[in-house]
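**Student:** Here it is, the structure, as structure tokens.
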Amino acid sequence: MQKKPYYITTAIAYTSGKPHIGNTYEIVLTDAIARFKRNQGYDVRFQTGTDEHGQKIEEKAAAAGVTPKQFVDGVAGQIKTIWDLMNVSYDKFIRTTDTDHEKQVQKIFKKLYEQGDIYKGTYEGMYCTPCEAFWTPSQLKDGKCPDCGREVKPAKEEAYFFRMSKYADRLMQYYEEHPEFITPVSRKNEMVNNFLKPGLQDLCVSRTSFKWGIPVDFDPKHVVYVWLDALTNYITGLGFDTDGNSDPLFKKYWPADVHVIGKDIIRFHTIYWPIFLMALGLPLPKQVFGHPWLLMDGSKMSKSKGNVIYADELVNVFGVDAVRYFVLNDMPFDNDGNITWELITERINSDLANTYGNLVSRTAAMSLKYFGGEICDKKAEEPVDAELRKTAQELYKKVCADMDAFRISDALGEIFAFLRRCNKYIDETAPWVLARDESKKDRLATVLYNLSESIVIATSLLQPFMPETAEKVFSQFNVPARAYKDLDKFGLLKNGTKVSAAETHLFDRMNYKDVEAKYEQMHAHTSKSEQEKKQNPANAPAKTSHEPEYPAEISIDDFAKVKMQIAKVLACEKVEKSDKLLKSTVQIGNETRTVVSGIAKFYTPEEMVGKKVVMITNLKPAKLRGILSEGMILCAEDADGNLKLLAPEGDIADGSGIF
């Protein structure tokens, strides 16, 4: 049976600087939805990327003493690194500096011009550089930009404009016929009352006062301005062609099922974007979800305020899945969320360590202690079992309803309410008391079976939110993730399944004083790094993105812990639904291993076969896209992000050690 396509996107991140945790929330949110849909059986296409043109980029690059392309290469690399750090399962990472995107933007601009939707004129108004937006005096708030509150400057220049008013009535009609188009509904009301009803002004779609943009090919002194460039990534990333020769991906996945964006750019996605699509004769996306902001201690994050938290800092202290859980759980559907170091610590202790981790730990420990780890339902049931079973069987339907409505926090709330019910079930059945009575052994086995089955169901639902943690639990209970079509059933766990002892706790309780100490240590290191950047700003972008942070010194004993050997690539193939991963089968002496490497943009599978490479062979195996990778192939990376394999100078046997 053919899977139903599902196309989901984030807004593309602007390459003006490193994204903070508020920016990172969006990619984690979208990843959770994409993973959930995959588990439901959809053929998911998940696209993200970077928005890389504009005056602000040109100015920042000049200040850093690098070209705009060098600047955006550095920041785009940094953004992609953070997305990968957060275990995001995107299928396409588009950059608006990609050649195929730029070519299509030029063709789109020309088509709209030739059909009369774009015309040349002169713009005179107040311009906000950070927002890259023009405003009339009446639109200003206290003489400043109504979006960001910063200073604006008078600007006048020749420009091309898009006739927005031509499509306003048609857009209003679309809103009425598709009430689900904008969610939450409060965002829709804002668009209608603040923009459509007062009347749409024509939109400036080109600039001449800066050069860092896609040139208008028939009028090269103009560059395409912001939104006509940025928004079209959603179709160019699928291989859309203005001349009608679109890639099959476009025909398969467009229109998008949902654009996931921040509430601050809802206007551009629900007014400008649908009007551009109408002008191109293309169907509109099915839905736009404008999520709220993640605030730092009640205030919007801002570098100038000094209240910014970055994802990599949080991961260094709490781990990837704990950070993913916090931002998804503590962000309401239509109100801003709040984050502080203390709040995260409290949430990890209460939900992850106490509720979830403790349940898994207690259940596994009792199974090992009383039955050698073997799980078996002896059908020795009591009335309390029926309530647990019923709650488990109803859980998927509740979570599914919340996910369909993009109420991610509510979905997690349902799962953790069930986990708390499981902990209560332990108190009600008191397995440690049953264990003292030999005649109650069958009852004890049934209780532990019910708990194990409940953990498998709950963990299968938690997998999209905390994928690494879910894999640990499935590994400990020696079971695969439960298919979502079977989550309304209870009792599918096979008798005789063996539970293993965990190497470590899923989540340890944390002392906030220890968290503070780690934060202060990181902050001191960051301050030193920032000072070094100020002394040599030209090197900052490339250094940030492509140069890892190394310890100042290591001992020969530290180096000796890393086992490196020569490996020969026997076979290689692309990893399904990934544009960056290759799966290689390698020979290391008498041993054959599988390795997953992020080198697909630099080497084809055919080029890899037969190569001898340098490989770390004592690295702990890790799952990437469901494939167990048993080592790491080493590469060198230059300042532009280009990769080259490390290889021996001459012919040498595979398995040879490197010293």
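**Student:** Can you show me the helix-derived [θ] at 222 nm for the chain, built from DSSP H runs with n ≥ 4 at -39,500 (n - 2.57) apiece and divided by the number of residues, rounded to the nearest 500. Show your work: numbers first, answer last.
**Tutor:** On the way: 23 runs with 261 residues, N = 659.
About -12000 deg cm²/dmol.
**Student:** Given N residues in the chain, what is its alpha carbon radius of gyration divided by 2.2 N^0.38 Å?
**Tutor:** Values: Rg = 27.3 Å, N = 659, 2.2 N^0.38 = 25.9 Å.
Taking N as the residue count of the chain, the ratio is 1.05.
**Student:** With θ set to phi - 60° and the Karplus curve 6.51 cos²θ - 1.76 cosθ + 1.60, what are the ³J(HN,Hα) couplings of the range 119-133 in order, to the nearest whole Hz, using x for Gly and Pro?
**Tutor:** 9, 8, x, 10, 9, 9, x, 9, 10, 9, 5, x, 8, 6, 9
**Student:** Can I ask one more? Label Glu124 and Phe333 with points 7 Å out from Cα along Cα→Cβ: what is the distance between them in nm?
**Tutor:** In this crude label model, Glu124 to Phe333 measures out at 4.9 nm.
**Student:** Can you give me the distance in nm between label points at Asp514 and Phe218, each placed 7 Å from the Cα along the Cα-to-Cβ direction?
**Tutor:** Each label point is offset 7 Å from its Cα along the Cβ direction, giving 6.6 nm.
**Student:** Please sort by residue number the trypsin sites (Lys or Arg not before Pro) in the range 247-337 whose DSSP state is loop and whose Cβ has at most 13 other Cβ atoms within 10 Å. Mind showing how you got there, number by number?
**Tutor:** Values: sites: Lys251, Lys252, Lys263, Arg267, Lys286, Lys300, Lys303, Lys305, Arg324; in loops: Lys286, Lys300, Lys303, Lys305.
Passing both the DSSP loop test and the Cβ count: Lys303, Lys305.
**Student:** If packing is taken as the average count of other Cβ atoms within 10 Å, what order do 311-319, 165-173 fall into, highest mean first? Could you put the intermediate results ahead of the total?
**Tutor:** Numbers: 311-319: 19.8, 165-173: 14.7.
Packing proxy ranking, top to bottom: 311-319, 165-173.
**Student:** Explain nothing, just the number: dipole magnitude of the chain about its Cα centre with +1 on each Lys and Arg Cβ and -1 on each Asp and Glu Cβ, in debye rounded to the nearest 20.
**Tutor:** Working: 86 positive and 92 negative charges, 163 e Å.
Charge dipole of the chain: 780 debye, to the nearest 20.
**Student:** Quick check on packing: order 289-296, 496-503, 413-420 by the mean number of other C-beta atoms within 10 Å, highest mean leading.
**Tutor:** Working: 289-296: 21.4, 496-503: 13.9, 413-420: 18.6.
By packing density, highest mean first, the sequence is 289-296, 413-420, 496-503.
**Student:** Could you pull out which residues in the range 588-610 have an amide N less than 20 Å from a spot 7 Å beyond the Cα of Phe659, following the Cα-Cβ vector?
**Tutor:** Inside the label zone: 589-590.
**Student:** Follow-up question, since we're still on this one. Quick one: if you stick a label point 7 Å off each Cα along the C-beta vector at Lys144 and His505, how many nm between them?
**Tutor:** It is 4.6 nm.
**Student:** Once a ≥ b ≥ c are taken as the square roots of the eigenvalues of the Cα gyration tensor of the range 1-115, is the result rounded (a/c under 1.5), prolate (a/b larger than b/c) or oblate (a/b not larger than b/c)?
**Tutor:** On the way: a/c = 2.88, a/b = 1.34, b/c = 2.15.
Note, shape of the range 1-115 comes out oblate.
**Student:** Here is a further query. Taking the Cα atoms only, what angle lies between the long axis of helix 55-64 and the longest principal axis of the chain, rounded to 10 degrees?
**Tutor:** Roughly 70 degrees between the two axes.
**Student:** Fully extended, how many nm does the chain gain between Ser165 and Ile616 (0.36 nm per residue separation, minus their Cα-Cα distance)?
**Tutor:** Length gained, Ser165 through Ile616: 156.3 nm.
**Student:** Another one. Could you derive backbone 3J(HN,Hα) for the range 408-418 from the dihedral phi with the Karplus parameters 6.51, -1.76 and 1.60 (θ = phi - 60°), listing whole Hz in sequence and x where the residue is Gly or Pro?
**Tutor:** With the stated coefficients, the range 408-418 comes to 5, 4, 5, 4, 5, x, 5, 5, 6, 5, 5 Hz.
**Student:** Report the rotationally averaged projected area of the range 557-609 based on its alpha-carbon convex hull, in square nanometres. Don't skip to the end; give the middle numbers.
**Tutor:** On the way: hull surface 18.1 nm².
Approximately 4.5 nm², given one-decimal rounding.
**Student:** With a 10 Å radius around each residue's Cβ, average the other Cβ atoms per peptide and rank 442-452, 336-346, highest first.
**Tutor:** Values: 442-452: 22.9, 336-346: 17.6.
Sorting 442-452, 336-346 by mean packing, highest first, produces 442-452, 336-346.
**Student:** First check a/c for the range 210-266, with a ≥ b ≥ c the square roots of the eigenvalues of its C-alpha gyration tensor; if it is under 1.5, answer rounded, and if not, answer prolate when a/b is larger than b/c or oblate otherwise.
**Tutor:** Working: a/c = 3.88, a/b = 1.28, b/c = 3.04.
Since a/c reaches 1.5 but b/c is at least a/b, the shape of the range 210-266 is classed as oblate.
**Student:** Among DSSP beta bridges whose residues both lie in the chain, state the antiparallel percentage, nearest 5.
**Tutor:** Details: 49 of 72 bridges.
Antiparallel bridges make up about 70 percent of those DSSP assigns within the chain.
**Student:** Would you mind counting up the charge near Asp219? Only other residues with Cβ under 15 Å from its Cβ, with Lys and Arg at +1 and Asp and Glu at -1. Each step should come with its number before you reach the end.
**Tutor:** Numbers: positive: Lys107, Lys110, Lys111, Lys120, Arg207, Lys211, Lys221; negative: Glu114, Glu157, Glu158, Asp217.
For residues surrounding Asp219, the net value is +3.
**Student:** Roughly speaking, what is the stretch gain from Asp312 to Gln173, that is 0.36 nm per residue apart minus the C-alpha to C-alpha distance, in nm to one decimal? Intermediate values should be presented prior to the final figure.
**Tutor:** Numbers: separation 139, 0.36 × 139 = 50.04 nm, distance 4.45 nm.
Value of the extension gain: 45.6 nm.
**Student:** Relative contact order for the chain: what is it in percent, counting Cα pairs under 8 Å that are at least 6 residues apart?
**Tutor:** Working: 1084 pairs, mean separation 86.7, N = 659.
Relative contact order comes out at 13 percent.
**Student:** Tell me, in nm to one decimal, what length is gained between Asn642 and Lys4 on full extension, where the rule is 0.36 nm per residue of separation less the Cα-Cα distance?
**Tutor:** Result for the pair: 226.1 nm of gain on full extension.
**Student:** Can you tell me the 0 to 90 degree angle between the C-alpha axis of helix 99-114 and the longest principal axis of the chain, rounded to 10?
**Tutor:** Rounded to the nearest ten degrees, it is 40.
**Student:** Then there's this: Amide H to amide H under 5 Å from Phe240: which residues, 5+ apart in sequence or cross-chain, H placed 1.01 Å off N in plane?
**Tutor:** Asp247
**Student:** Further question on the same structure: Provide the percentage of antiparallel DSSP beta bridges, counting only those with both residues in the range 257-411; round to the nearest 5. Kindly include the intermediate steps, with their values, before the conclusion.
**Tutor:** Working: 1 of 8 bridges.
The antiparallel proportion sits near 10 percent.
**Student:** Between the helical axis of 168-177 and the dominant principal axis of the chain, each derived from Cα atoms, what acute angle in degrees is found, rounded to the nearest 10?
**Tutor:** Orientation of helix 168-177: about 20 degrees from the principal axis.
**Student:** Would you mind classifying the range 400-520 by shape? Square roots of the alpha carbon gyration tensor eigenvalues, ordered a ≥ b ≥ c; an a/c under 1.5 is rounded, otherwise it is prolate if a/b is larger than b/c and oblate if not. Present the calculation step by step, with values, prior to reporting the outcome.
**Tutor:** Numbers: a/c = 1.80, a/b = 1.25, b/c = 1.44.
Cα axes put the range 400-520 in the oblate bin.
A short reminder: the numbers here are calculations on the coordinates, not readings from a lab. Everything numeric here is computed off the predicted structure, so don't read it as measured data. Every residue, glycine among them, receives a Cβ derived from its backbone with ideal geometry; neighbour counts consider all protein chains shown.
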